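The values are calculated or read from the model by the stated rules, or taken from the named source; none is laboratory data. These figures come from a predicted structure and were not determined experimentally. A quick note on method: Cβ atoms are made from the backbone with ideal geometry, for glycine too, and the neighbour counts reach across all protein chains shown.
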Amino acid sequence: MLAIAEAITWTVLITALIMRATLGLDWAVLVGGSIHGFVFLAYAFTAALVGVNQRWPFGLIVLGVAFAIVPYATIPFEVWLLRRDKLDGPWRREATDHPADGNVINRMLHWFLARPLLLTVAAVLGIAALFVVLLLIGPPGGRD
């Protein structure tokens, strides 16, 4: 579902860029870019979370995030994952769901998945904080 939202926000951003170029509406890019940026960050977080939970190889997690950079690529990537059963399986909430290998990421995943409300709040706050920092840094390509 988030892959579709990410693709939709690409349409919003591209439309806003066209509006700026043809109608001089600079504010459209600010709005469209902000919406797309926030959804992009949410998609990247979710791709990483699902990838760790489903024990994807690190390269596949990176590829999942990278596909969000290419307009509309998240949808075919998600279809590919579905066809290969890469999204099947329960969330790893129990301590027995992963080996006691001392892996900090697996322990954090277990701890947060056992507290889904806390995970949601932490994710939203973390994404929002990163979004604000990126806004303060400035848009990609610099300011006009």
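Please verify whether Ala7 is farther than 21 Å from Gly126 by Cβ, modelled with pLDDT of 95 or more and part of a helix (DSSP H, G or I), treating the condition exactly as stated. No, not satisfied. Selection of segment 39-51 for residues being under 16 Å from Val121 (Cβ atoms) and surrounded by fewer than 18 Cβ atoms within 10 Å (Cβ to Cβ) yields Phe45, Leu49. Exactly one residue among Val65, Val12, Val52 is assigned to a helix (DSSP H, G or I), modelled with pLDDT under 95 and more than 13 Å from the chain's Cα centre (by Cα), and that residue is Val52.
Okay, residues lined up against (1) free of Cβ contacts under 8 Å to residues at least 60 places away in the same chain; (2) within 21 Å of Met1 (Cα to Cα):
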site: Phe38; (1), (2): no, yes
site: Ala44; (1), (2): yes, yes
site: Val52; (1), (2): yes, yes
site: Ile61; (1), (2): yes, yes
site: Gly64; (1), (2): yes, yes
site: Val70; (1), (2): yes, yes
site: Glu78; (1), (2): no, yes
site: Asn106; (1), (2): yes, no
site: His110; (1), (2): yes, no
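Yes or no, residue by residue, for (1) in a helix (DSSP H, G or I); (2) closer than 27 Å to Val12 by Cα:
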{"site": "Thr46", "(1), (2)": "yes, yes"}
{"site": "Pro71", "(1), (2)": "no, yes"}
{"site": "Asp85", "(1), (2)": "no, no"}
{"site": "Trp91", "(1), (2)": "no, no"}
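I'm trying to understand the selection: among the residues of segment 37-79, which are among the small types (Gly, Ala, Ser) and closer than 21 Å to Leu135 by Cα? Passing the criteria: Gly37, Ala42, Ala44, Ala66, Ala68. Scanning segment 1-28 for residues that are buried (at least 20 other Cβ atoms within 10 Å of the Cβ), free of Cβ contacts under 8 Å to residues at least 40 places away in the same chain and not hydroxyl-bearing (Ser, Thr, Tyr) returns Leu13, Ala16.
Restricted to segment 15-49, and to residues there that are over 25 Å from Pro116 (Cβ atoms) and among the hydroxyl-bearing types (Ser, Thr, Tyr), the residue that is modelled with the lowest pLDDT is Ser34. Checked against (1) out of contact with any Ser or Thr (no Cβ under 8 Å at 6 or more places or on another chain); (2) surrounded by 14 or more Cβ atoms within 10 Å (Cβ to Cβ), Leu118 meets all criteria but (2).
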